[in-house]
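The values are calculated or read from the model by the stated rules, or taken from the named source; none is laboratory data. What you see is a predicted model; the values in this text were computed from it and never measured. Cβ placement follows ideal geometry from the backbone for every residue including glycine, while neighbour counts extend to all protein chains displayed. Note: accessible area is taken over every heavy atom of the protein model, side chains too, but ligands, DNA and RNA are not part of it. Shrake-Rupley method; radii C 1.70, N 1.55, O 1.52, S 1.80 Å.
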Amino acid sequence: QVQLVESGGGLVQAGGSLRLSCAASGRTFTVSTMGWFRQAPGKEREFVAATNWSGRITNYADSVKGRFTISGDNAKNTVTLQMNTLKPEDTALYYCAAAGRVGVIRRESYAYWGQGTQVTVSS
(Lines give C-alpha, C1' and ligand atoms only; values in the text may rest on other atoms or scores of the structure.)
Protein backbone atom coordinates (compact mmCIF):
# COMPACT_ATOMS: atom_id res chain seq x y z
CA GLN A 1 0.00 0.00 0.00
CA VAL A 2 1.01 3.58 -0.65
CA GLN A 3 -0.36 6.50 1.31
CA LEU A 4 -0.55 9.99 -0.21
CA VAL A 5 -1.15 13.26 1.60
CA GLU A 6 -1.63 16.53 -0.27
CA SER A 7 -1.08 20.04 1.03
CA GLY A 8 -0.86 23.59 -0.26
CA GLY A 9 -4.32 24.32 -1.60
CA GLY A 10 -6.13 27.57 -0.93
CA LEU A 11 -7.80 30.65 -2.31
CA VAL A 12 -5.97 32.87 -4.78
CA GLN A 13 -6.87 35.61 -7.21
CA ALA A 14 -6.70 35.07 -10.94
CA GLY A 15 -3.14 35.49 -12.15
CA GLY A 16 -1.70 34.33 -8.86
CA SER A 17 0.29 31.23 -7.93
CA LEU A 18 -0.02 28.25 -5.64
CA ARG A 19 2.25 25.33 -4.88
CA LEU A 20 0.81 21.92 -4.11
CA SER A 21 2.80 19.19 -2.41
CA CYS A 22 2.19 15.48 -2.02
CA ALA A 23 4.01 13.26 0.44
CA ALA A 24 4.08 9.52 -0.27
CA SER A 25 4.70 6.82 2.31
CA GLY A 26 4.50 3.05 2.54
CA ARG A 27 5.59 0.89 -0.40
CA THR A 28 6.89 3.80 -2.44
CA PHE A 29 9.42 1.57 -4.21
CA THR A 30 6.47 0.20 -6.21
CA VAL A 31 5.70 3.68 -7.61
CA SER A 32 7.03 4.75 -11.00
CA THR A 33 4.82 7.73 -11.78
CA MET A 34 3.31 10.42 -9.58
CA GLY A 35 0.46 12.43 -10.98
CA TRP A 36 -1.98 15.23 -10.24
CA PHE A 37 -5.62 15.15 -11.22
CA ARG A 38 -8.42 17.61 -10.54
CA GLN A 39 -12.16 17.52 -10.28
CA ALA A 40 -14.45 20.52 -10.50
CA PRO A 41 -18.07 20.38 -9.28
CA GLY A 42 -20.24 18.51 -11.74
CA LYS A 43 -17.29 17.41 -13.85
CA GLU A 44 -15.26 14.26 -14.19
CA ARG A 45 -11.83 13.94 -12.64
CA GLU A 46 -9.24 14.97 -15.21
CA PHE A 47 -5.53 14.57 -15.68
CA VAL A 48 -3.34 17.60 -14.92
CA ALA A 49 0.31 16.50 -14.85
CA ALA A 50 2.55 13.53 -14.12
CA THR A 51 6.22 12.78 -13.61
CA ASN A 52 8.54 9.93 -12.86
CA TRP A 53 10.70 10.41 -9.79
CA SER A 54 13.70 11.74 -11.71
CA GLY A 55 11.62 14.31 -13.61
CA ARG A 56 12.90 13.08 -16.96
CA ILE A 57 9.48 11.92 -18.05
CA THR A 58 6.71 14.47 -17.59
CA ASN A 59 3.28 14.91 -19.10
CA TYR A 60 0.88 17.83 -18.92
CA ALA A 61 -2.69 18.47 -19.91
CA ASP A 62 -2.90 21.01 -22.72
CA SER A 63 -4.90 23.33 -20.48
CA VAL A 64 -1.99 23.76 -18.04
CA LYS A 65 1.06 23.60 -20.30
CA GLY A 66 3.31 26.60 -19.78
CA ARG A 67 1.61 27.50 -16.50
CA PHE A 68 2.08 24.45 -14.27
CA THR A 69 5.29 22.60 -13.45
CA ILE A 70 5.49 19.19 -11.80
CA SER A 71 8.58 17.92 -10.04
CA GLY A 72 9.46 14.87 -8.00
CA ASP A 73 11.97 14.12 -5.27
CA ASN A 74 12.62 10.41 -4.90
CA ALA A 75 14.80 10.87 -1.82
CA LYS A 76 11.98 12.61 0.03
CA ASN A 77 9.14 10.74 -1.68
CA THR A 78 7.42 14.00 -2.51
CA VAL A 79 5.99 15.55 -5.64
CA THR A 80 5.09 19.19 -6.11
CA LEU A 81 2.91 21.07 -8.56
CA GLN A 82 3.82 24.70 -9.06
CA MET A 83 0.81 26.50 -10.50
CA ASN A 84 1.31 29.95 -12.01
CA THR A 85 -0.98 32.35 -13.84
CA LEU A 86 -3.98 30.65 -12.30
CA LYS A 87 -7.38 31.07 -13.90
CA PRO A 88 -10.89 30.71 -12.45
CA GLU A 89 -11.32 27.55 -14.53
CA ASP A 90 -8.46 25.97 -12.54
CA THR A 91 -10.76 25.89 -9.52
CA ALA A 92 -11.13 22.27 -8.44
CA LEU A 93 -10.28 19.65 -5.88
CA TYR A 94 -6.74 18.53 -6.72
CA TYR A 95 -5.72 14.92 -6.12
CA CYS A 96 -2.28 13.38 -5.93
CA ALA A 97 -2.02 9.87 -7.37
CA ALA A 98 0.57 7.13 -7.76
CA ALA A 99 1.01 4.52 -10.47
CA GLY A 100 3.29 1.54 -10.91
CA ARG A 101 4.00 2.20 -14.58
CA VAL A 102 6.03 4.96 -16.23
CA GLY A 103 4.43 7.76 -18.21
CA VAL A 104 0.78 6.96 -17.60
CA ILE A 105 -1.88 9.65 -17.73
CA ARG A 106 -5.12 7.70 -17.63
CA ARG A 107 -6.98 7.84 -14.34
CA GLU A 108 -7.51 4.10 -14.44
CA SER A 109 -3.74 3.52 -14.37
CA TYR A 110 -3.36 5.03 -10.90
CA ALA A 111 -3.85 2.67 -7.98
CA TYR A 112 -3.34 5.07 -5.08
CA TRP A 113 -5.00 8.40 -4.38
CA GLY A 114 -4.82 11.12 -1.79
CA GLN A 115 -7.82 12.81 -0.21
CA GLY A 116 -7.49 15.96 -2.28
CA THR A 117 -6.77 19.62 -1.60
CA GLN A 118 -9.05 22.45 -2.69
CA VAL A 119 -7.82 25.15 -5.05
CA THR A 120 -10.10 28.13 -5.60
CA VAL A 121 -9.24 30.90 -8.05
CA SER A 122 -11.33 34.05 -7.84
CA SER A 123 -11.85 36.35 -10.78
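Assorted remarks:
- Conditions (1) hydroxyl-bearing (S, T, Y); (2) in contact with a Gly (Cβ under 6 Å, 6 or more places away or on another chain); (3) at pLDDT below 95; number of the one not met by T51: (3)
- In the stretch 101-123, the residue that is farthest from R45 (Cα to Cα) out of those that are at pLDDT below 95 and touching a helix residue (DSSP H, G or I) at 6+ places or on another chain (Cβ under 9 Å) is S123.
- Qualifying residue in the stretch 1-20 (condition: in contact with a Pro (Cβ under 8 Å, 6 or more places away or on another chain), surrounded by fewer than 16 Cβ atoms within 10 Å (Cβ to Cβ) and assigned to a loop (DSSP other than H, G, I, E, B)): yes
- Within the stretch 51-78, the only residue that satisfies the criterion of being open to solvent by 70 Å² or more (accessible area, probe 1.4 Å) and under 12 Å from the mean Cα position of the chain (by Cα) is T69.
Each row is one residue, and each column tells you yes or no for (1) in contact (Cβ under 8 Å) with a residue 12 or more places away in the chain; (2) over 12 Å from F37 (Cβ atoms); (3) touching a Pro at 6+ places or on another chain (Cβ under 9 Å).
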{"site": "S54", "(1), (2), (3)": "yes, yes, no"}
{"site": "S71", "(1), (2), (3)": "yes, yes, no"}
{"site": "A75", "(1), (2), (3)": "no, yes, no"}
{"site": "Q82", "(1), (2), (3)": "yes, yes, no"}
{"site": "D90", "(1), (2), (3)": "yes, yes, no"}
{"site": "Y94", "(1), (2), (3)": "yes, no, no"}
{"site": "A98", "(1), (2), (3)": "yes, no, no"}
{"site": "R106", "(1), (2), (3)": "yes, no, no"}
{"site": "Y110", "(1), (2), (3)": "yes, no, no"}
